[in-house]
Amino acid sequence: MNTSVFETYESEVRSYCRHFPTVFTKAVGAEFYDEDGNKYIDFFCGAGAVNYGHNNPEIKKKLIEYLESDGIIHALDMYTIPKREFIETFEEKILKPRGLNYKIQFPGPTGTNANEAALKLARKVKGRQNVFALMGAFHGMTLGSLALTTDKSSRRGAGVGLDDVTFIPAPYMFPELDTVAYMQRLIDDDHSGVEKPAALFIETIQAEGGIRVFDAEWLQAVRRFCNDNDILLVVDDVQVGCCRSGSFFSFERAGIVPDIVTMSKSIGGYGMPLSITLFKPELDIWSPGEHNGTFRGNQLAFIAAKGGIEYMLANKVDEQSKAKGEIVKKFVEERILPVDSRIELRGLGLIWGIDFEKIPVKGLADKIEETCFSHGLIIEGAGRKNSVVKIMPPLVISEELLLKGLEIIEQSVKEELAKL
Ligand SMILES: Cc1ncc(COP(=O)(O)O)c(C=O)c1O
């Protein structure tokens, strides 16, 4: 394995490669291969970007056909057939069956781009600067999204003030605190020192925040709060959208309709870079070109995104997500939680977190992830002090591989706890 060129020439900012120090060659379904001929099970899923599997053969076929036809690849936001067909598919197969009516904007191709567009639009629509976000939130690394993101190490990188955001305690932080009443008080109290926000940004499951699932009642209360106070509700579905939570949009389980929804990662179908910002038609007060960018709506990504939706529907990926999530829950409850009573489990659909925070050993979850890697499993951490081992395989993983990966976690937890 030769990694010297990366270590010599690539910036110190590189991160995931430090956790998985090998050189990868290919990936198929839920498995990676490296240059030394090793095989790894993938419980990381490109941070949520390949829900339909690596090199999904049905989507690949459509991409190859398009490439071979000399279909246009780069078109800024010009009209093209791939864009038309993606919009039609998204409208007919995703929005209409759910009774949703959104305009669609293609910002730059990443999740943070989608959130920057949402932020700008919300402030422009409401004419207010302040925005509410939750403690534990992760919304991206560019300055606007970073201002909504709470982890200190990410914020430190900004080098400028990250202003005009008020952080609200997440409901799990102080179970006795009614966070919705708290937000109401901030707005009503002329001595709160807090400006009324244009929008409230939430993830319905804080993923990087440690797999914190917000219950339907809280999501409904937040929707009512935003309605009553003329505040836009923005749901960041960048990571937990596209069936990760068991339904296409993560907010469906609460029966709420956000004013703005942001998506990226698996909306690109095949790991292709694409993001979308959806908003209610009456919010569409953009002037032409007011939010711009060269790489908005890459045509290959549109082909893959349409292919992804078709694959998802034909293979009932939402149901797969729920069913496989049950396998994870049962396995962890029966085989990993009994190893130490301080270990906790949280999750929904096919995103689960095993939390080691209550075992006061610095870096324990990191060590478990390292051991998993040495046994052939790619898995990442999340949450405060990175104490959560995050289980997020491609949704199409076979049950056999899923169980094999879970067994590696069990073995690694036992090995690391035995060292204490
Ligand atoms: C909820 C959420 N929002 C936004 C982002 C940022 O997406 P990107 O890294 O594509 O900018 C992420 C990335 O992990 C995320 O999990």
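Values in this text are rule-based calculations from the coordinates and carry no lab data. Owing to the predicted nature of the structure, the values given are computational and were not obtained by experimental measurement. Virtual Cβ from ideal backbone geometry, glycine too; neighbours counted across all protein chains shown.
Tabulated values for the structure
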{"read-out": "Principal axis dimensions, region 14-149 - Cα atoms, whole angstrom, descending", "value": "57, 40, 30"}
{"read-out": "Ranked 264, 192, criterion: other C-beta atoms within 10 Å, fewest first", "value": "192, 264"}
{"read-out": "At most 14 other Cβ within 10 Å, DSSP loop - GluC sites (Glu not before Pro), region 198-300", "value": "290"}
{"read-out": "Rel. contact order, % - alpha carbon contacts under 8 angstrom, at least six apart, region 59-314", "value": "30 percent"}
{"read-out": "C-alpha center-to-center spacing [region 195-215, region 67-102] in angstrom", "value": "29 Å"}
{"read-out": "Within the chain, percent of DSSP bridges classed antiparallel, to nearest 5", "value": "65 percent"}
{"read-out": "Rh by Kirkwood over Cα pairs, then Stokes-Einstein D for the chain at 1.306 mPa s and 10 °C, µm²/s", "value": "71 µm²/s"}
{"read-out": "Per-peptide average of other Cβ atoms within 10 Å, ordering 266-279, 77-90, 134-147 highest first", "value": "266-279, 134-147, 77-90"}
{"read-out": "All-pairs Cα distance distribution in region 313-353, expressed in whole percent, bin size 5 Å", "value": "6, 24, 26, 18, 12, 7, 4, 2, 0"}
{"read-out": "Theoretical ellipticity at 222 nm over the chain - DSSP helices of four or more residues, -39500 (n - 2.57) apiece, nearest 500", "value": "-10500 deg cm²/dmol"}
{"read-out": "Where the Cα pairs of region 268-356 fall when distances are cut into 10 Å bins, in %", "value": "14, 25, 25, 21, 12, 3"}
{"read-out": "Links that overshoot a 30 Å alpha carbon limit, given the list 265/329; 120/358; 329/385; 39/60; 60/152; 152/324", "value": "120/358; 60/152; 152/324"}
